[in-house]
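Taking it in order: structure first as C-alpha coordinates, then the write-up.
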Amino acid sequence: MFNKAKQYAVESVTSGHPDKICDQIADAILDECLRQDKMSRVAVEVFGGHGLLVIGGEITTNAIVDYEKIAKDVYREIGYDDTLRVLVNVVTQSPDISQGVDTGGAGDQGMMYGFATNETKEFLPRAVVNVHALASLLQSARETEKLPWLMPDGKTQISINDGKISSVLISTQHKSGISQQEIRNNLVSKIIVPVIGDISDIEILTNPTGNFESGGFGADTGLTGRKLMVDTYCGLVPHGGGAFSGKDATKVDRSAAYMCRFAAKNIVARGDCNECLVSVAYAIGRAEPVMLSAIDEFGNDYSEILKKNFDFRPSAIIERLNLRSPIFQKTATYGHFGKEGFPWEQII
(Lines give C-alpha, C1' and ligand atoms only; values in the text may rest on other atoms or scores of the structure.)
Protein backbone atom coordinates (compact mmCIF):
# COMPACT_ATOMS: atom_id res chain seq x y z
CA MET A 1 0.00 0.00 0.00
CA PHE A 2 1.18 3.55 -0.65
CA ASN A 3 1.07 4.29 3.07
CA LYS A 4 4.10 2.25 4.16
CA ALA A 5 3.81 3.18 7.84
CA LYS A 6 3.75 0.22 10.21
CA GLN A 7 1.19 2.03 12.31
CA TYR A 8 -1.77 3.99 11.00
CA ALA A 9 -5.45 4.56 11.66
CA VAL A 10 -8.57 5.05 9.57
CA GLU A 11 -11.96 6.45 10.51
CA SER A 12 -15.55 6.76 9.34
CA VAL A 13 -18.62 8.59 10.62
CA THR A 14 -22.34 7.87 10.53
CA SER A 15 -25.00 9.72 8.56
CA GLY A 16 -25.97 11.67 11.68
CA HIS A 17 -22.55 13.23 12.20
CA PRO A 18 -22.87 17.04 11.90
CA ASP A 19 -20.49 17.33 8.94
CA LYS A 20 -22.22 14.48 7.14
CA ILE A 21 -25.65 16.06 7.70
CA CYS A 22 -24.35 19.08 5.80
CA ASP A 23 -22.87 16.95 3.02
CA GLN A 24 -26.15 15.09 2.53
CA ILE A 25 -28.19 18.28 2.39
CA ALA A 26 -25.78 19.83 -0.12
CA ASP A 27 -25.95 16.79 -2.36
CA ALA A 28 -29.73 16.56 -2.02
CA ILE A 29 -29.92 20.13 -3.35
CA LEU A 30 -27.57 19.20 -6.20
CA ASP A 31 -29.71 16.17 -7.08
CA GLU A 32 -32.90 18.24 -7.15
CA CYS A 33 -31.29 20.75 -9.49
CA LEU A 34 -30.14 17.94 -11.80
CA ARG A 35 -33.56 16.28 -11.79
CA GLN A 36 -35.10 19.43 -13.18
CA ASP A 37 -32.19 20.72 -15.24
CA LYS A 38 -29.32 18.36 -16.02
CA MET A 39 -27.13 21.29 -17.07
CA SER A 40 -27.34 22.89 -13.63
CA ARG A 41 -24.16 24.30 -12.18
CA VAL A 42 -24.10 23.95 -8.46
CA ALA A 43 -21.66 24.94 -5.74
CA VAL A 44 -23.52 24.72 -2.43
CA GLU A 45 -22.09 24.97 1.06
CA VAL A 46 -24.06 24.06 4.16
CA PHE A 47 -23.30 25.04 7.74
CA GLY A 48 -25.37 23.87 10.67
CA GLY A 49 -25.47 23.66 14.43
CA HIS A 50 -27.61 24.29 17.47
CA GLY A 51 -30.91 24.84 15.68
CA LEU A 52 -29.54 26.89 12.77
CA LEU A 53 -28.80 25.79 9.21
CA VAL A 54 -27.22 28.11 6.63
CA ILE A 55 -27.25 27.28 2.92
CA GLY A 56 -24.99 29.40 0.72
CA GLY A 57 -23.22 29.24 -2.60
CA GLU A 58 -23.62 29.71 -6.31
CA ILE A 59 -26.18 27.97 -8.50
CA THR A 60 -27.04 28.51 -12.15
CA THR A 61 -30.12 26.46 -13.06
CA ASN A 62 -33.62 26.51 -14.49
CA ALA A 63 -34.77 24.37 -11.57
CA ILE A 64 -37.12 25.73 -8.95
CA VAL A 65 -35.69 24.56 -5.65
CA ASP A 66 -37.21 24.73 -2.18
CA TYR A 67 -33.96 24.75 -0.24
CA GLU A 68 -35.56 24.83 3.18
CA LYS A 69 -37.85 21.89 2.48
CA ILE A 70 -35.02 19.77 1.11
CA ALA A 71 -32.85 20.53 4.13
CA LYS A 72 -35.57 19.70 6.65
CA ASP A 73 -36.59 16.53 4.79
CA VAL A 74 -33.02 15.23 4.77
CA TYR A 75 -32.60 16.10 8.43
CA ARG A 76 -35.71 14.13 9.37
CA GLU A 77 -34.74 11.19 7.16
CA ILE A 78 -31.41 10.96 8.96
CA GLY A 79 -33.29 10.55 12.23
CA TYR A 80 -33.49 13.94 13.93
CA ASP A 81 -36.76 15.59 14.95
CA ASP A 82 -35.62 18.87 16.52
CA THR A 83 -36.46 22.21 14.90
CA LEU A 84 -34.15 23.83 12.36
CA ARG A 85 -34.15 27.50 11.41
CA VAL A 86 -32.94 27.66 7.80
CA LEU A 87 -31.25 30.67 6.19
CA VAL A 88 -30.62 30.66 2.43
CA ASN A 89 -28.13 32.86 0.57
CA VAL A 90 -27.64 31.41 -2.91
CA VAL A 91 -26.58 33.47 -5.94
CA THR A 92 -25.67 32.74 -9.58
CA GLN A 93 -22.20 31.57 -10.60
CA SER A 94 -19.57 34.21 -11.35
CA PRO A 95 -19.35 34.99 -15.10
CA ASP A 96 -15.57 34.96 -14.77
CA ILE A 97 -15.74 31.24 -13.96
CA SER A 98 -18.52 30.49 -16.44
CA GLN A 99 -16.58 31.79 -19.44
CA GLY A 100 -14.04 28.99 -19.04
CA VAL A 101 -16.50 26.23 -18.14
CA ASP A 102 -18.80 27.09 -21.08
CA THR A 103 -16.08 26.03 -23.51
CA GLY A 104 -15.46 22.70 -21.74
CA GLY A 105 -12.66 23.86 -19.47
CA ALA A 106 -12.06 22.88 -15.86
CA GLY A 107 -14.07 24.81 -13.29
CA ASP A 108 -10.99 25.32 -11.15
CA GLN A 109 -7.31 24.57 -10.88
CA GLY A 110 -6.07 21.87 -8.53
CA MET A 111 -4.88 18.29 -8.06
CA MET A 112 -7.02 15.15 -7.73
CA TYR A 113 -6.09 11.58 -6.86
CA GLY A 114 -7.60 8.15 -7.28
CA PHE A 115 -6.50 4.83 -5.83
CA ALA A 116 -7.23 1.13 -6.10
CA THR A 117 -5.75 -2.05 -4.65
CA ASN A 118 -6.58 -5.71 -5.21
CA GLU A 119 -6.49 -6.31 -1.44
CA THR A 120 -10.31 -6.57 -1.33
CA LYS A 121 -13.21 -7.11 -3.73
CA GLU A 122 -14.01 -3.42 -3.27
CA PHE A 123 -10.53 -2.57 -4.59
CA LEU A 124 -9.86 -0.63 -1.38
CA PRO A 125 -7.59 -1.29 1.61
CA ARG A 126 -9.22 -3.75 4.01
CA ALA A 127 -9.04 -1.32 6.93
CA VAL A 128 -10.98 1.29 4.91
CA VAL A 129 -13.66 -1.23 3.96
CA ASN A 130 -13.99 -2.39 7.55
CA VAL A 131 -14.17 1.05 9.16
CA HIS A 132 -16.98 2.10 6.81
CA ALA A 133 -18.75 -1.20 7.44
CA LEU A 134 -18.71 -0.52 11.18
CA ALA A 135 -20.26 2.91 10.73
CA SER A 136 -22.82 1.70 8.20
CA LEU A 137 -23.83 -1.16 10.48
CA LEU A 138 -24.48 1.35 13.27
CA GLN A 139 -26.99 3.09 11.03
CA SER A 140 -28.72 -0.11 9.92
CA ALA A 141 -28.89 -1.42 13.50
CA ARG A 142 -30.63 1.81 14.51
CA GLU A 143 -33.01 1.93 11.57
CA THR A 144 -34.04 -1.72 11.90
CA GLU A 145 -34.30 -1.30 15.70
CA LYS A 146 -31.84 -4.14 16.19
CA LEU A 147 -30.29 -1.74 18.70
CA PRO A 148 -33.22 0.61 19.41
CA TRP A 149 -31.25 2.80 21.82
CA LEU A 150 -28.87 3.97 19.07
CA MET A 151 -29.09 7.59 17.92
CA PRO A 152 -27.88 9.01 14.58
CA ASP A 153 -24.48 10.48 15.48
CA GLY A 154 -21.42 8.26 15.65
CA LYS A 155 -17.82 7.58 14.71
CA THR A 156 -15.71 4.50 14.08
CA GLN A 157 -11.95 4.05 13.97
CA ILE A 158 -9.52 1.21 13.35
CA SER A 159 -5.83 1.27 14.24
CA ILE A 160 -3.29 -0.94 12.46
CA ASN A 161 0.04 -2.06 13.90
CA ASP A 162 2.43 -4.15 11.79
CA GLY A 163 -0.33 -5.08 9.39
CA LYS A 164 -2.79 -6.24 12.04
CA ILE A 165 -5.71 -4.51 13.74
CA SER A 166 -4.57 -3.35 17.17
CA SER A 167 -7.66 -1.38 18.24
CA VAL A 168 -11.26 -0.73 17.26
CA LEU A 169 -13.08 2.37 18.51
CA ILE A 170 -16.78 3.15 18.31
CA SER A 171 -18.29 6.31 19.72
CA THR A 172 -22.05 6.35 19.27
CA GLN A 173 -24.89 8.59 20.34
CA HIS A 174 -27.48 6.77 22.43
CA LYS A 175 -30.74 7.29 24.24
CA SER A 176 -30.79 7.82 27.98
CA GLY A 177 -31.41 5.00 30.42
CA ILE A 178 -28.91 2.48 29.11
CA SER A 179 -25.62 1.66 30.80
CA GLN A 180 -22.28 1.98 29.07
CA GLN A 181 -21.60 -1.69 29.82
CA GLU A 182 -24.74 -2.73 27.95
CA ILE A 183 -23.78 -0.42 25.10
CA ARG A 184 -20.32 -1.98 24.97
CA ASN A 185 -21.61 -5.55 25.06
CA ASN A 186 -24.02 -4.91 22.21
CA LEU A 187 -21.55 -2.97 20.09
CA VAL A 188 -19.03 -5.79 20.42
CA SER A 189 -21.44 -8.64 19.66
CA LYS A 190 -23.64 -6.98 17.01
CA ILE A 191 -21.36 -4.46 15.31
CA ILE A 192 -17.67 -5.20 15.83
CA VAL A 193 -17.50 -9.01 15.71
CA PRO A 194 -19.69 -9.30 12.57
CA VAL A 195 -17.28 -6.98 10.74
CA ILE A 196 -13.89 -7.75 12.30
CA GLY A 197 -14.27 -11.39 13.37
CA ASP A 198 -11.84 -12.61 16.04
CA ILE A 199 -11.13 -9.73 18.45
CA SER A 200 -9.17 -11.66 21.09
CA ASP A 201 -5.97 -9.65 20.56
CA ILE A 202 -7.65 -6.33 19.77
CA GLU A 203 -8.24 -3.43 22.14
CA ILE A 204 -11.91 -2.45 22.03
CA LEU A 205 -12.90 1.10 22.93
CA THR A 206 -16.53 2.22 23.15
CA ASN A 207 -17.69 5.72 24.06
CA PRO A 208 -14.39 6.55 25.80
CA THR A 209 -15.75 9.78 27.32
CA GLY A 210 -18.78 8.05 28.85
CA ASN A 211 -22.30 9.18 27.97
CA PHE A 212 -22.97 10.32 24.41
CA GLU A 213 -26.62 11.37 24.61
CA SER A 214 -26.36 14.76 22.92
CA GLY A 215 -25.23 14.53 19.30
CA GLY A 216 -25.65 15.97 15.84
CA PHE A 217 -26.45 19.66 15.66
CA GLY A 218 -27.55 19.56 19.29
CA ALA A 219 -23.96 19.07 20.41
CA ASP A 220 -21.76 20.34 17.61
CA THR A 221 -21.60 22.27 14.35
CA GLY A 222 -21.14 20.79 10.90
CA LEU A 223 -19.89 22.00 7.54
CA THR A 224 -19.77 20.56 4.02
CA GLY A 225 -16.45 19.14 2.92
CA ARG A 226 -14.95 18.66 6.34
CA LYS A 227 -14.63 14.88 6.11
CA LEU A 228 -12.33 14.67 3.08
CA MET A 229 -10.44 11.60 4.29
CA VAL A 230 -13.61 9.73 5.22
CA ASP A 231 -14.95 10.49 1.74
CA THR A 232 -11.89 9.12 -0.04
CA TYR A 233 -9.14 6.78 1.22
CA CYS A 234 -8.91 7.65 4.91
CA GLY A 235 -5.57 9.41 4.48
CA LEU A 236 -3.68 6.36 3.16
CA VAL A 237 -2.91 8.09 -0.17
CA PRO A 238 -2.54 11.78 -1.12
CA HIS A 239 -5.54 14.10 -1.29
CA GLY A 240 -5.71 17.24 -3.44
CA GLY A 241 -7.74 19.13 -0.84
CA GLY A 242 -10.95 19.64 -2.80
CA ALA A 243 -14.26 18.54 -1.29
CA PHE A 244 -17.02 16.75 -3.20
CA SER A 245 -20.49 17.35 -1.79
CA GLY A 246 -22.61 20.16 -3.19
CA LYS A 247 -20.62 20.42 -6.42
CA ASP A 248 -21.82 19.48 -9.89
CA ALA A 249 -19.53 17.61 -12.27
CA THR A 250 -18.06 20.69 -13.95
CA LYS A 251 -16.12 21.04 -10.71
CA VAL A 252 -13.09 18.83 -11.26
CA ASP A 253 -12.56 18.55 -7.51
CA ARG A 254 -15.34 16.00 -7.72
CA SER A 255 -15.54 14.67 -11.28
CA ALA A 256 -11.80 14.25 -11.81
CA ALA A 257 -11.42 12.48 -8.45
CA TYR A 258 -14.12 10.06 -9.61
CA MET A 259 -12.31 9.60 -12.93
CA CYS A 260 -9.02 8.96 -11.13
CA ARG A 261 -10.69 6.24 -9.08
CA PHE A 262 -12.30 4.78 -12.23
CA ALA A 263 -8.97 4.64 -14.03
CA ALA A 264 -7.00 3.28 -11.06
CA LYS A 265 -9.57 0.55 -10.41
CA ASN A 266 -9.60 -0.57 -14.02
CA ILE A 267 -5.82 -0.61 -14.31
CA VAL A 268 -5.67 -2.86 -11.24
CA ALA A 269 -8.66 -4.98 -12.33
CA ARG A 270 -7.05 -5.81 -15.66
CA GLY A 271 -3.99 -7.11 -13.83
CA ASP A 272 -1.44 -4.48 -14.77
CA CYS A 273 -0.47 -3.98 -11.12
CA ASN A 274 -1.61 -4.76 -7.58
CA GLU A 275 -2.05 -1.12 -6.56
CA CYS A 276 -2.40 2.04 -8.58
CA LEU A 277 -2.37 5.73 -7.75
CA VAL A 278 -3.68 8.06 -10.45
CA SER A 279 -3.09 11.81 -10.20
CA VAL A 280 -4.23 14.70 -12.36
CA ALA A 281 -3.91 18.49 -12.29
CA TYR A 282 -5.87 21.21 -14.09
CA ALA A 283 -5.70 24.89 -14.91
CA ILE A 284 -8.99 26.77 -14.60
CA GLY A 285 -10.73 27.18 -17.93
CA ARG A 286 -8.46 24.68 -19.72
CA ALA A 287 -9.82 21.30 -20.81
CA GLU A 288 -6.63 19.25 -21.12
CA PRO A 289 -4.93 18.39 -17.81
CA VAL A 290 -1.59 20.01 -17.15
CA MET A 291 -0.42 16.77 -15.49
CA LEU A 292 -1.64 13.16 -15.65
CA SER A 293 0.12 10.24 -14.02
CA ALA A 294 -0.36 6.64 -12.87
CA ILE A 295 2.11 4.70 -10.74
CA ASP A 296 2.07 1.48 -8.74
CA GLU A 297 3.31 0.96 -5.19
CA PHE A 298 6.88 0.45 -6.44
CA GLY A 299 6.92 3.62 -8.51
CA ASN A 300 6.51 1.86 -11.86
CA ASP A 301 4.91 4.22 -14.37
CA TYR A 302 1.59 3.38 -16.07
CA SER A 303 0.94 6.86 -17.41
CA GLU A 304 0.94 5.81 -21.07
CA ILE A 305 -1.73 3.16 -20.37
CA LEU A 306 -3.69 5.82 -18.51
CA LYS A 307 -3.50 8.41 -21.28
CA LYS A 308 -4.33 5.87 -23.99
CA ASN A 309 -7.49 4.56 -22.30
CA PHE A 310 -8.93 7.43 -20.27
CA ASP A 311 -9.92 10.92 -21.40
CA PHE A 312 -9.58 13.41 -18.54
CA ARG A 313 -11.10 16.44 -20.22
CA PRO A 314 -13.99 17.57 -17.96
CA SER A 315 -16.66 17.16 -20.66
CA ALA A 316 -15.38 13.67 -21.49
CA ILE A 317 -15.44 12.67 -17.82
CA ILE A 318 -19.02 13.88 -17.46
CA GLU A 319 -20.09 11.92 -20.53
CA ARG A 320 -18.25 8.70 -19.71
CA LEU A 321 -19.41 8.56 -16.09
CA ASN A 322 -22.88 10.01 -16.76
CA LEU A 323 -22.38 12.67 -14.12
CA ARG A 324 -25.41 14.78 -14.95
CA SER A 325 -27.66 12.24 -13.22
CA PRO A 326 -29.09 12.90 -9.72
CA ILE A 327 -27.07 10.23 -7.92
CA PHE A 328 -25.04 12.26 -5.50
CA GLN A 329 -26.89 12.23 -2.18
CA LYS A 330 -26.15 8.51 -1.98
CA THR A 331 -22.42 9.25 -2.14
CA ALA A 332 -22.41 11.51 0.91
CA THR A 333 -22.08 8.78 3.55
CA TYR A 334 -19.60 5.93 4.13
CA GLY A 335 -17.17 6.95 1.43
CA HIS A 336 -17.57 7.77 -2.23
CA PHE A 337 -15.63 4.70 -3.36
CA GLY A 338 -15.97 0.95 -3.11
CA LYS A 339 -19.77 0.92 -3.27
CA GLU A 340 -21.71 -0.79 -6.04
CA GLY A 341 -23.93 1.13 -8.41
CA PHE A 342 -21.79 4.19 -9.10
CA PRO A 343 -20.37 4.60 -12.63
CA TRP A 344 -16.82 5.27 -11.44
CA GLU A 345 -16.86 1.83 -9.78
CA GLN A 346 -17.59 -0.03 -13.04
CA ILE A 347 -14.95 -2.37 -14.46
CA ILE A 348 -14.74 -2.11 -18.23
Going by what's in this entry, would residue 348 be described as over 26 Å from residue 27 (Cα atoms), at pLDDT below 95 and either surrounded by fewer than 18 Cβ atoms within 10 Å (Cβ to Cβ) or not acidic (Asp, Glu) (or both)? yes
Qualifying residues in segment 283-307 (those that are among the polar types (S, T, N, Q) and not in a strand (DSSP E or B)) - the one surrounded by the most Cβ atoms within 10 Å (Cβ to Cβ): 303
Looking at (1) crowded, with 24+ Cβ neighbours inside 10 Å; (2) part of a helix (DSSP H, G or I), which one does residue 266 not meet, given that it meets all the others? (1)
Just one of (1) surrounded by fewer than 23 Cβ atoms within 10 Å (Cβ to Cβ); (2) at pLDDT below 95 trips up residue 180, so point out which. (2)
If I filter segment 215-251 down to residues being modelled with pLDDT of 95 or more and among the β-branched types (Val, Ile, Thr), which single residue comes out as nearest to residue 280 (Cα to Cα)? 237
Odd one out for residue 214, checked against (1) surrounded by fewer than 24 Cβ atoms within 10 Å (Cβ to Cβ); (2) on the phi > 0 side of the Ramachandran plot; (3) of a type in the set (Gly, Ala, Ser): (2)
Which ones in segment 184-230 are over 23 Å from the mean Cα position of the chain (by Cα), touching a residue at least 40 places away in the same chain (Cβ under 8 Å) and assigned to a loop (DSSP other than H, G, I, E, B)? 212, 213, 214
Pairs under 8 Å by beta carbon, first residue of a type in the set (A, V, I, L, M) in segment 237-249, partner at pLDDT 95 or above and part of a loop (DSSP other than H, G, I, E, B), six or more apart or different chains? 243/224; 243/225; 243/226; 249/323; 249/324
Hey, does segment 29-36 have a residue that's assigned to a strand (DSSP E or B) and surrounded by fewer than 24 Cβ atoms within 10 Å (Cβ to Cβ)? no
Taking segment 312-348 and keeping residues more than 24 Å from residue 152 (Cα to Cα), of a type in the set (Phe, Trp, Tyr) and under 19 Å from the mean Cα position of the chain (by Cα) leaves 342, 344
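The values are calculated or read from the model by the stated rules, or taken from the named source; none is laboratory data. All values reported here derive from a predicted model rather than from experimental measurement. Quick reminder, even Gly has a Cβ in these numbers, built from the backbone with ideal geometry, and neighbours come from all protein chains shown.
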